[in-house]
Amino acid sequence: MKKAMNQSTLTAILNVVSICALIFLAILLFLYSGVSRRLDSSNEQRFNLTYNANRFMNGSAYLTNEVRAFAATGNQEHYDNYWNEVNNLKNRDLGVAAMQEIGITPNEQAMIDNMSSLSNQLVPLEEQAMEQVQAGQRDVAVDYVYGAEYKASITKINAIKEQFLAQLDERTLQDVQELGHKAMIIRILMVLALVVVGVLQVFSMWVIQRRILRPVIAVRDQMGEISQGQLSSAFKWEADTSEIGMLVDSIHETKRELKKYISDINDKLAEVARGNMDLTVTSSYRGEFLPIQEAMRQILDSLNDALLHIHQTTQDVSNESQRVASGAQTLSEGSIQQASTVEELSASIQDISGQVGRTSEDAGHARQFTMEAAQQLKMCSEKMSALTSAIRNIAESSQKISGITKTIEDISFQTNILALNASVEAARAGSAGKGFAVVADEIQRLASKSAASAKNITELIAASVDLVQYGSSLSEETTQALSEVVSSAQESTALVEQIAQSAKHQAMSLRQLTEGMELISNVVQTNAATAQESAASAVELRQHAEDLESAVQRFQLRTGNAH
């Protein structure tokens, strides 16, 4: 098997390289973002430095222009503008402070200091010129501000200004160009990284297509042919040490093993078809094919055993058929004697069957009478149960009436108390309560009569309750006695039923016995007729046994399987 890189290793290498390229690209993006911010900041600083430098220089030029305008025109506005710039606007000072805050070199600071010194030297001269204008000496002031000395100072300031601006612009432009160069390099590297990533992705797709997808598709097609039983189809892929190469090797090995198993099974079946049973399974089967090997071994063993037993059985059948022929003749003679005996026995059984049938009919009538008596007793028991329930309900009603009489006694007692209270109140009322006293006496007598009546009713009800309880106990005893009678009647009915069933079964059994005897008689007569046929069949059976033995002898069996 040739060596080859694993598909997983190759894919991992391509993925690692792609990830490294993407990380490098991310780093370049981060660096480009920082350089871009620094470039924007440098451009902004350059603009601010230039702006504030012009602010500083324009402030000096503005003072010069306002002094000359005031000297030439004497207009007070120019005078005010001059001092507004010096005292309020202070563009020169603010411009210098802004440049210092942004950042300037020592040489640039020295030039600013030189220009400031020259400007400060002009201030006393400018103030003197404005005083001359205010004093009415405008011509003198004009000659002074446009004179050689003043022009020389202005010329020096302008020369330093131009040098300062050129140096400042050159320095800031150099910083911007350096950052722009760095940004361009980073952009180029980013494009190269993107190109590398794209190339790696294209190469990865090519590797996946060539080293993974194409072999997998070929393996799929080959497995489809194997699943359809086509093991001889060509498979051009060669095995190697990669994962798919090992899969290809497994497919080749599978096809070889399947061909070996099929060839071995085909050879064994062909030998069996030719009658050669002296075979052994020598091929080594593996895995799930082991049961097939064991099944083939068991089939060969079973066929050898079966054919050997058939051979031995045919010999036994041939020997036994002779004995069957001689026994059939003896059976025929005995069958004739059995036929006469069976006829006599059948007549006796028919007489017994008639007697048992009459006994069964009588038992059926007795069962019917017993069932009717049991039904009447059951109805009596149900009536007594209903009577007992009614007496029990009367007893409960009597108990309720006793409660009612108790209530009447209570009412009579309360009425008597009310009558006594009424008598007492009437006595207190004197003559005015006499009529009320008469009513109270009548109520008291009525209450006494009600109490006496309630007492009599209570006694009567108590006597009635005692009688009802006595009747209830008698009805319960009667019901219990009837229940026992019903139970005994049911048992008698069950016994009569069993007797009737037994008689019926006996009649049926005798009828079946009579039919059986008739069948036996017919069979015995038939046996006598077929005994001769059996002798002839035994001779023919021997001939068939000899034919079967000759057919079995065409198979070559194992000599070691004799049992």
### Message
Report every pair of residues separated by at least 6 positions or lying on different chains whose Cβ atoms are under 6 Å apart, first residue within region 124-149 and on the phi < 0 side of the Ramachandran plot, second open to solvent by 60 Å² or more (accessible area, probe 1.4 Å).
### Response
Gln132/Val140
### Query
Looking at Ile102, is it more than 30 Å from Leu192 (Cβ to Cβ) and touching a Leu at 6+ places or on another chain (Cβ under 8 Å)?
yes
### Message
Tally up the residues in region 216-259 that are touching a residue at least 40 places away in the same chain (Cβ under 8 Å), out of contact with any Lys or Arg (no Cβ under 7 Å at 6 or more places or on another chain) and farther than 18 Å from Arg286 by Cβ, please.
### Response
6
### Task
Looking only at region 1-49, count how many residues are under 30 Å from Glu238 (Cβ atoms) and over 40 Å from the mean Cα position of the chain (by Cα).
6
### Query
Has region 239-255 got at least one residue that is farther than 25 Å from Ile23 by Cβ and in contact with a His (Cβ under 9 Å, 6 or more places away or on another chain)?
yes
### Message
If Ala53 meets every condition in (1) open to solvent by 40 Å² or more (accessible area, probe 1.4 Å); (2) small (Gly, Ala, Ser); (3) in contact (Cβ under 8 Å) with a residue 12 or more places away in the chain apart from one, which number is that one?
### Response
(1)
### Query
If you go through region 162-184 one residue at a time, do you hit one that is over 30 Å from Leu22 (Cα atoms), of a type in the set (A, V, I, L, M) and open to solvent by 70 Å² or more (accessible area, probe 1.4 Å)?
no
## Note on the structure
Pairing a residue in region 172-183 that is without any contact (Cβ under 8 Å) to a residue 40 or more places away in the chain with any residue that is not in a helix (DSSP H, G or I), where Cβ atoms lie under 7 Å and the two sit 6 or more apart in sequence or on different chains, gives none
### Query
Of all residues in region 240-291, which are touching a helix residue (DSSP H, G or I) at 6+ places or on another chain (Cβ under 9 Å), outside any helix (DSSP H, G or I), more than 22 Å from Ser8 (Cβ to Cβ) and among the charged types (D, E, K, R)?
Asp278, Arg286
### Query
In the list Val35, Val16, which residue meets the criterion of being at pLDDT below 90, assigned to a helix (DSSP H, G or I), surrounded by fewer than 17 Cβ atoms within 10 Å (Cβ to Cβ) and on the phi < 0 side of the Ramachandran plot?
Val16
### Message
Out of everything in region 185-199 that is in contact (Cβ under 8 Å) with a residue 40 or more places away in the chain and open to solvent by 90 Å² or more (accessible area, probe 1.4 Å), what residue ends up being nearest to Ser42 (Cα to Cα)?
### Response
Arg187
### Task
Tell me which of these Ala129 doesn't satisfy, since it passes every other one: (1) modelled with pLDDT under 85; (2) within 30 Å of Tyr82 (Cβ to Cβ); (3) in contact with a Phe, Trp or Tyr (Cβ under 6 Å, 6 or more places away or on another chain).
(1)
#### Entry: Unique match (being over 45 Å from the mean Cα position of the chain (by Cα) and open to solvent by less than 50 Å² (accessible area, probe 1.4 Å)) among Asn266, Asn276
Asn276
#### Entry: Where Ser233 falls short, out of the listed (1) surrounded by 14 or more Cβ atoms within 10 Å (Cβ to Cβ); (2) over 28 Å from Arg297 (Cβ atoms)
(1)
### Task
With the checklist (1) open to solvent by 80 Å² or more (accessible area, probe 1.4 Å); (2) of a type in the set (A, V, I, L, M, F, W, C); (3) not in a loop (DSSP other than H, G, I, E, B) in hand, flag the one item Ile208 doesn't pass.
(1)
### Message
If I ask for residues that are aliphatic (A, V, I, L, M), in contact (Cβ under 8 Å) with a residue 24 or more places away in the chain and within 20 Å of Tyr146 (Cβ to Cβ), which ones from region 58-107 would you list?
### Response
Leu63, Val67, Ala71, Ala72
## Note on the structure
Here the residues within region 95-111 that are hydrophobic (A, V, I, L, M, F, W, C) and either part of a helix (DSSP H, G or I) or touching a Pro at 6+ places or on another chain (Cβ under 8 Å) (or both) are Val96, Ala97, Ala98, Met99, Ile102, Ala110, Met111
### Query
Any idea how many residues of region 132-150 are of a type in the set (Asp, Glu) and at pLDDT 85 or above?
2
#### Entry: Hey, Val202 among the aliphatic types (A, V, I, L, M), over 42 Å from the mean Cα position of the chain (by Cα), exposed (fewer than 14 other Cβ atoms within 10 Å of the Cβ) and part of a helix (DSSP H, G or I) or not
no
### Query
Looking only at residues in region 100-127 that are hydroxyl-bearing (Ser, Thr, Tyr) and farther than 21 Å from Gln45 by Cβ, which one is least open to solvent (accessible area, probe 1.4 Å)?
Ser119
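The values are calculated or read from the model by the stated rules, or taken from the named source; none is laboratory data. Because the structure is a prediction, the values reported are computed rather than measured. Virtual Cβ from ideal backbone geometry, glycine too; neighbours counted across all protein chains shown. Ligands, DNA and RNA are excluded from the accessible area calculation, which covers all protein heavy atoms including side chains. Shrake-Rupley method; radii C 1.70, N 1.55, O 1.52, S 1.80 Å.
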